[in-house]
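The values are calculated or read from the model by the stated rules, or taken from the named source; none is laboratory data. None of the values given here were measured: they were computed from a predicted structure. No Cβ is skipped: glycine too gets one built from the backbone with ideal geometry, and neighbour counts run over all protein chains shown.
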Amino acid sequence: MNHHYHVTISWTGNSGTGTSAYTAYERDHSIKAQGKPVLLGSSDPAFRGDATRYNPEELFLASLSSCHMLWYLHFCAEANIIVLEYGDQAAGTLTVDESGSGHFTEVILKPEVVVAKSSMKDKALELHKKAHKFCFIANSCNFPVKHEPLIRVI
């Protein structure tokens, strides 16, 4: 079974002379998907981008984090683990070589989960491994995606 996804990227950073020079244009762009709000994107400020807009690296981390979370919540529901809160402080390392090319070398997801009962903690912790095995985005990466989960009870 195949699923197909479509987005439209529109560069909005032409300052009047296009890409006549590296410093002559903005990195601003919009990201659109049918029926959804527009995301405003740019490059990282280290690459002359606008710090108030999302950059591809942040969106990539968000994709990994949200994919893991959605699988995790799915497996918790199936296992009768009642998750009351879920948050993640995802971090990634991007290495840029001398040529200017780069790649992520590692991502660490740090999900903090609140479950309803202390008897659920062990299973809740275990299900992070299963979620990782099923995460479409993590399965598409050529670098380690690590997990440092924390499970709490209210």
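Take Ala62 and decide whether it is under 30 Å from Arg152 (Cβ atoms) and either out of contact with any helix residue (DSSP H, G or I) (no Cβ under 8 Å at 6 or more places or on another chain) or outside the structural domain of Thr19 (by TED's automatic domain parsing) (or both).
Answer is yes for this residue.
Given the criteria part of a loop (DSSP other than H, G, I, E, B), touching a strand residue (DSSP E or B) at 6+ places or on another chain (Cβ under 7 Å) and not acidic (Asp, Glu), does Phe104 qualify?
No.
Got at least one residue in the range 73-96 being crowded, with 19+ Cβ neighbours inside 10 Å, in contact with a strand residue (DSSP E or B) (Cβ under 9 Å, 6 or more places away or on another chain), outside the structural domain of Leu40 (by TED's automatic domain parsing) and part of a strand (DSSP E or B)?
Yes, because at least one residue in the range 73-96 is crowded, with 19+ Cβ neighbours inside 10 Å, in contact with a strand residue (DSSP E or B) (Cβ under 9 Å, 6 or more places away or on another chain), outside the structural domain of Leu40 (by TED's automatic domain parsing) and part of a strand (DSSP E or B).
For the range 25-44, check the following and say yes or no: at least one residue is surrounded by 13 or more Cβ atoms within 10 Å (Cβ to Cβ), among the hydrophobic types (A, V, I, L, M, F, W, C) and farther than 30 Å from Phe134 by Cα.
No, every residue in the range 25-44 fails to be surrounded by 13 or more Cβ atoms within 10 Å (Cβ to Cβ), among the hydrophobic types (A, V, I, L, M, F, W, C) and farther than 30 Å from Phe134 by Cα.
What number of residues in the range 133-151 are out of contact with any strand residue (DSSP E or B) (no Cβ under 6 Å at 6 or more places or on another chain) and either among the hydroxyl-bearing types (Ser, Thr, Tyr) or crowded, with 19+ Cβ neighbours inside 10 Å (or both)?
Number satisfying all stated conditions: 2.
It is to be established whether one or more residues within the range 142-151 are of a type in the set (Val, Ile, Thr), closer than 30 Å to Arg27 by Cβ and either in contact (Cβ under 8 Å) with a residue 40 or more places away in the chain or outside the structural domain of Leu39 (by TED's automatic domain parsing) (or both).
yes
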